[in-house]
Each structure stands twice: as structure tokens, then as C-alpha cells.
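Only one structure is covered here, and it is reproduced in the block below.
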Amino acid sequence: MAKKESGAALRSVFICSSCGNESPKWFGRCPHCNEWNTAVEETPRSAAAVAAKQRSYGGAGAASAPTRLREIEAAGEERRRSGIGELDRVLGGGLVPGSLVLIGGDPGIGKSTLALQLAVALACADRPVLYVSGEESPRQTKMRAERIALRGGADDLWLHSEIDLDLILAEVERLTPSLLVVDSIQTLFIPGLNAAPGSVTQVRECGLRLLRLAKERSLAVLLIGHVTKDGAVAGPRTLEHMVDVVLYLEGDAHHEYRILSAAKNRFGSTNEIGVFEMRGDGLAEVENPSERLLRDRGRSVPGSAVVASLEGTRPLLVEVQALVAPTHFANPQRVAQGIDPRRLAVVIAVLEKRAGLSLAGADVFVNVAGGIRLEEPAADLGLALALASSFRDLPLAPDLVAIGEVGLGGELRPVSQLERRLEEAMRLGFRSAVIPERQAAASKAEAAEGSAKPRGAKTEAGPRMTKLAAATLRDAIGRCLAHGPDRVAAARAAVPPAASSRG
């Protein structure tokens, strides 16, 4: 009986190297992520032995006793600002001591550059920073630092080329850094674990050890992770679950802009984005992304529309370009960059059914300028107007911005924080906006209340935003494209003064 139990304990399992799915039998195609030839045979006993060894690391072998909630002292974590404003914005104000941050992105997108810039920025303080690179030697890392103009102010930055996690933890014990950067998590290994570096077991166990290290020492740890061909962080899904923050650095290889976004953040919002520009001397912050993205916009070009999106607390104005051309194929093409193709199909269907535009026999190509990706429904109206403008070969007014969600019935639905979007549009020189009728009525009521001020009260001076109200998509297209060259001027003249005032 004991022999039978021993054989059961030694029984191997097969783990998918892509998603971490476990199976008692070998599989050619993973039933969870549908990837082929990703089954890796591993023995659970070795992982359990290493886990038992980990529990005794750092004197944590004794079991911790539970504590009453009221007995725990509530002390707010002081965030450490890095001086990189766009990164601090995405993190929620800075790095939290004891947090485990994972950053992923395509090869060559700038992950190591951003991590090195963060390490140098924090190494200028009192406590040192340990930068561990399993892919480069210290000399190669220094060459990269000099290439991105990080030559001075890094006396407290320590470089370590090592992949043995036990040796790395020994250096952390000796240096007591304020930040540990690991580039990358897929290169680390634990000597007592019977698995190759980068395997599911190694990545999971190394992540657990680093998590315990961060929590026990209040040490901020930044991990760089490789990504799969689908854009997700490679390794088991438990890696993303155990970390506190998951960041993605994205961008088009043919554009200089990089977008840093948070897929998970226990200490802040996941709606904020950071915009960087890749230069020869590293990643530079883009403090005014709307102005930079609209800098090369062509004026009075059919198929071009400006939308006001909201990324967290930051309003962002981007250009949506559309091209509608007769097709020469049995099935018309639908190509979208920066827009969800399924959302594009919905907008095309609404244009055909509710607005009377026949796009069934035309190829449709849509692009968001600058490599930005729009996922907010408030961009629906701008997308629809760009398609209608290209279909009718009539340009929209160059100072027009479109804000609104398009429903399946062709109605325009309100969007959140409209006034913030309009203020950003006015700051960049836009003087007219197509908005849902319900929100235009609310703005009209607010304007009427503002005009009923006591005598002698001060009023704000400056240019005003003309709000073109539209209840349906058909109305919006008629307001913007039905008057020829003077279409928007005529629409402005038809709007009452109270409705055209700034809300």
C-alpha cells in the first residue's frame, strides 16, 4: 500500500508552457489556450520540496498568528515618486514600498530602457537600487545606459548579471536596496527545482519567492516579462494574479510613440495611460499628447475626424482616418488599426440601417493616427462621421470634434465628463463639437443658470464652443455634411445663442 502511494506521489503532470494549464495526460493541443506542442512534463514532488524550502527562507518558517482588524495600525504607504511623470501617473502616484510590479511588452518596445531610466532616477536618492539582468552583462547594460544619456547621477545603481535566484537574494540581503529590477523573470531559476529556466514551474516559484521578499522587506520589485504572440505576458496566469501591478508598454514599431497602460493595479486606477516618445536618448515623456498627435493632421481631407477620448483622468484628442472605396472582390474588406474590428462592423451596420449609407459593396479601411488604440464608446460618433465623410467625399470642418456613443437604433447616447473633453478641445483650437442632444440640453440649462447672475458679477471672457446637438446619427451626418462647403457655418447659425455658449 505504501509502495502504491509512493508511485502516485512520483506521477508526473503535464503543464502548458503558455497558460499553465495542468493535465494528468500528455496533450498535443492545450484545451485551455488552444496552443500546440506546449505540454511540458514535470514532477510535483520537486516543486513541493522547493516550496517547503522557501517557507524557511528569511526566518519565515514559523507560522504567523492571525491579528484582529482593529489591532492593525493603519499607516498609509508613502509612494516614491520616480520623477518620470507619465510612469507615476499610471502607477497611481509612484512606487509603493513592498509592491511587486510586472511590465510586459513586445521585444524592442522599450521595457528595459524604461526600467533602466526608473532605476537611475531612484538611485539618486539615499538608498541604492539593484538592477539584475539575466540577458545582458554589466558592460552591455552600461553601454545601453550611456547610449540613452544616463551617464551621471547613478553612483547608487548596482548592476548584477545573474540568473540564480538564491545568489540574487543574497545580494539583496547585503545591499538592502530600495528597488530591485529583474530583467527578465523568464531567465531566473531556482537550483533545487527540477525544471529549465523559463518553464512554467520556474517562473511561478521564482515569482512567489520575489513576492515574499517584497512583502517581508517592504521592497519594491520590478519584473520585466516576455510576451506571447497574442500580446499577453508569457508564463503561467498565476504570475499575473500574484503581482500587485501589471503594466503593458505598447506601440507601433513604425511610430515613435509608446503607450504605457495598467491591466491591473491594486494601488490605483487601471484607466490611466502614459505616453512616451522613443528617441535616440531613451524614452521621453509626452506631456501634451493631444497636440502632438494632431500635429501632422491634414485639414479639409475627406474621411478625417477628431474624437475626444478620455483615458482615466486625461482627455485625449486623436484623429480617426477612414477610407471607403469600391471593392473589386466578392467579399468587401474591413481593415481596422487602433479600432476593434467588431466595433467597426457594428458602426457600419448602423450606418447602413439607420443612416441610409450603402457600404455593402465598398472596402472600408480605418486607422487611428499615431498608433493609439481607441476602446471607449465615445469614439463611435467620430468613427461614423469619418466613414460618412469618405463615402460622400465631403470633408468635415477642420475645427470640429465629435463626441458621442452610437446605439444600435442609431441614437446618440451621452458620454461621461463631457465638459472636460470640450475644454481640452477648446484649448487646442476647436470651436465646434457634435454632441448628443440630451447633453446639449443639460448644457443649455447650465448656461441659463450661469447667465442669471446678480448685477456686477464677473463673467468669464474668451472664445466659446459651438455645440451642435444631434439626437440620432442621421441628424449628426446631416448637420456636418449636408450643407456643402458652408455646412458647419449654417449649422452654427441654426443653434440658439444659449445652446452655443460654453457649458
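The values are calculated or read from the model by the stated rules, or taken from the named source; none is laboratory data. This structure is a prediction, so every number in the text was calculated from the model and none was measured. All Cβ positions, even for glycine, are placed from backbone atoms using ideal geometry, and neighbour counts span all protein chains on display. Note: areas computed on protein heavy atoms with side chains; ligands, DNA, RNA excluded. Shrake-Rupley method; radii C 1.70, N 1.55, O 1.52, S 1.80 Å.
Restricting attention to segment 170-187, which residues are within 22 Å of H226 (Cβ to Cβ) and either small (G, A, S) or assigned to a helix (DSSP H, G or I) (or both)? Within segment 170-187, S184, I185, Q186, T187 meet the criteria. Taking the numbered list (1) more than 19 Å from A284 (Cα to Cα); (2) open to solvent by 10 Å² or more (accessible area, probe 1.4 Å) in turn, S99 passes all entries but (2). Scanning segment 123-135 for residues that are at pLDDT below 90 and either open to solvent by less than 10 Å² (accessible area, probe 1.4 Å) or part of a helix (DSSP H, G or I) (or both) turns up just one, A123.
For every residue, the table says whether it meets (1) of a type in the set (V, I, T); (2) touching a Lys or Arg at 6+ places or on another chain (Cβ under 8 Å); (3) open to solvent by 10 Å² or more (accessible area, probe 1.4 Å); (4) assigned to a strand (DSSP E or B).
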{"site": "K215", "(1), (2), (3), (4)": "no, no, yes, no"}
{"site": "L222", "(1), (2), (3), (4)": "no, no, yes, yes"}
{"site": "L249", "(1), (2), (3), (4)": "no, yes, no, yes"}
{"site": "F276", "(1), (2), (3), (4)": "no, yes, no, yes"}
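Candidates G207, G235, G268: the one that is part of a loop (DSSP other than H, G, I, E, B), modelled with pLDDT of 85 or more and surrounded by 18 or more Cβ atoms within 10 Å (Cβ to Cβ) is G268. Please go through segment 82-91 and pick out each residue that is modelled with pLDDT of 90 or more, of a type outside the set (A, V, I, L, M, F, W, C) and touching a strand residue (DSSP E or B) at 6+ places or on another chain (Cβ under 7 Å). Those that are modelled with pLDDT of 90 or more, of a type outside the set (A, V, I, L, M, F, W, C) and touching a strand residue (DSSP E or B) at 6+ places or on another chain (Cβ under 7 Å): G85, E86, R89. Return a yes/no flag: does segment 374-396 have any residue that is in a loop (DSSP other than H, G, I, E, B), more than 14 Å from E319 (Cβ to Cβ) and touching a Cys at 6+ places or on another chain (Cβ under 9 Å). For segment 374-396, residues in a loop (DSSP other than H, G, I, E, B), more than 14 Å from E319 (Cβ to Cβ) and touching a Cys at 6+ places or on another chain (Cβ under 9 Å): present.
Every residue, every condition in (1) modelled with pLDDT of 85 or more; (2) closer than 23 Å to E256 by Cα, yes or no:
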residue: G98; (1), (2): yes, no
residue: A121; (1), (2): yes, yes
residue: S137; (1), (2): yes, no
residue: I168; (1), (2): yes, no
residue: N194; (1), (2): no, no
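If we scan segment 476-488, do we find a residue that is under 30 Å from the mean Cα position of the chain (by Cα) and modelled with pLDDT of 90 or more? No: segment 476-488 contains no residue that is under 30 Å from the mean Cα position of the chain (by Cα) and modelled with pLDDT of 90 or more.
Taking the criterion of being closer than 22 Å to L481 by Cβ, among the charged types (D, E, K, R) and buried (at least 18 other Cβ atoms within 10 Å of the Cβ), would at least one residue in segment 299-308 satisfy it? Scanning segment 299-308 turns up no residue that is closer than 22 Å to L481 by Cβ, among the charged types (D, E, K, R) and buried (at least 18 other Cβ atoms within 10 Å of the Cβ).
Restricting the first residue to segment 323-339 and requiring it to be among the basic types (K, R), which pairs with a second residue that is at pLDDT 95 or above meet a Cβ separation below 6 Å and a spacing of at least six or different chains? Going by the 6 Å Cβ cut-off, the qualifying pairs are R334/V364. Which count do you get for residues in segment 347-406 that are at positive phi and open to solvent by less than 10 Å² (accessible area, probe 1.4 Å)? The total comes to 1. Candidates are the residues of segment 180-192 that are at pLDDT below 95 and within 31 Å of the chain's Cα centre (by Cα); the one that is nearest to A123 (Cα to Cα) is D183. Within segment 431-451, can one find any residue that is more than 15 Å from I403 (Cα to Cα) and at pLDDT 90 or above? Scanning segment 431-451 turns up no residue that is more than 15 Å from I403 (Cα to Cα) and at pLDDT 90 or above. Which one is nearest to the chain's Cα centre (by Cα), of the residues in segment 12-28 that are part of a strand (DSSP E or B) and not polar (S, T, N, Q)? Among those that are part of a strand (DSSP E or B) and not polar (S, T, N, Q), it is C16.
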